[in-house]
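The values are calculated or read from the model by the stated rules, or taken from the named source; none is laboratory data. Please read all numbers here as calculations on a predicted model, not as lab measurements. Every residue, glycine among them, receives a Cβ derived from its backbone with ideal geometry; neighbour counts consider all protein chains shown. Each accessible area value is taken on the protein alone, full model and side chains, heavy atoms only, with ligands, DNA and RNA left out. Shrake-Rupley method; radii C 1.70, N 1.55, O 1.52, S 1.80 Å.
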Amino acid sequence: MTVVPGLRPGTVQLICDGCGDTRTEFTSQLREPDLVWPVIAEHAWSGSAFAIGPHRCPRCPTGPLDVPSGLAPPGPAEPGTTARDAWHATVDRLPDAVLVRPSGDIDLAVAEPLRRALAEAVTLGAPIVLDLSHVELIDSTGLGILVRAHNDARQHGLTLCLVAPSRFVLTVLHTMRLAGVFLTFDERHQALTCLAAARAD
């Protein structure tokens, strides 16, 4: 996305990388790194929550956006597949929790398998630990899935916590005022210890 000064004071224009569509946003209460997320949330753009990297407006053709160099999901894809085809989320039943592990970044292209994995985790009836150690980036679709899974877990009397979220993910949660919604831990063993202690009380 290209960010340029707007015609009116206190505004900027955000220009889509794909088709050139523009949005004008007021900047009086926003720093430039936080500008793009409101556009994504309100106008259905896709891409990074920051004013850098690839973005796509609703007018652009569908398909996964390019991921900046160095931020691609880890691990090689199988022969004849793309990295997004190889994306998966495992669900493992542990003694005191259910562990869900996405294999890479979370965006529209991988929304359905993540949604299915989290829905399966809820049905297992134990606290859910979402291990994000292989997730560097998340878009608005992915964030919506996490919020929905949190609400589903709460309706079943369960806790959903996040483990090892990247700085990007933490910033997105903070920007959207969701930082206090999820229990967040740096390491998986910390989450499991905390959940076990809460269950014992």
Notebook entry, point to check: Among the residues of segment 100-116, is there at least one that is among the β-branched types (Val, Ile, Thr), open to solvent by less than 50 Å² (accessible area, probe 1.4 Å) and over 22 Å from Arg167 (Cβ atoms)?
Noted result: no
Notebook entry, point to check: Would you pick out the residues in segment 151-201 that are closer than 16 Å to Glu136 by Cα and not hydrophobic (A, V, I, L, M, F, W, C)?
Noted result: Pro165, Ser166, Arg167, Thr171, His174, Thr184, Asp186, Glu187
Next item on the list: Within segment 113-170, work out how many residues are hydroxyl-bearing (Ser, Thr, Tyr) and within 23 Å of Thr193 (Cα to Cα).
Entry: 4
Check: In segment 96-115, how many are modelled with pLDDT under 90 and farther than 20 Å from Val172 by Cβ?
Finding: 1
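This table checks each residue for (1) closer than 15 Å to Glu187 by Cα; (2) under 10 Å from the mean Cα position of the chain (by Cα).
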{"residue": "Pro102", "(1), (2)": "no, no"}
{"residue": "Leu108", "(1), (2)": "no, yes"}
{"residue": "Arg116", "(1), (2)": "no, no"}
{"residue": "Asp131", "(1), (2)": "yes, no"}
{"residue": "Glu136", "(1), (2)": "no, yes"}
Margin query: Going through Leu170, Leu162, Leu143 one at a time, which residue ends up being under 24 Å from Arg56 (Cα atoms), open to solvent by less than 50 Å² (accessible area, probe 1.4 Å) and without any contact (Cβ under 8 Å) to a residue 40 or more places away in the chain?
Written below: Leu143
Next item on the list: Kindly indicate whether Ala51 is open to solvent by 30 Å² or more (accessible area, probe 1.4 Å) and either at pLDDT below 95 or closer than 18 Å to Leu137 by Cβ (or both).
Entry: no
Next item on the list: Would you point out the residue of segment 173-201, among those that are open to solvent by less than 30 Å² (accessible area, probe 1.4 Å) and modelled with pLDDT under 90, that is nearest to Pro127 (Cα to Cα)?
Entry: Leu195
Notebook entry, point to check: Looking at segment 90-201, what helices (runs of 4 or more DSSP H) fall wholly within it and have at least 1 residues that are touching a strand residue (DSSP E or B) at 6+ places or on another chain (Cβ under 6 Å) and charged (D, E, K, R)?
Noted result: 111-123, 188-200
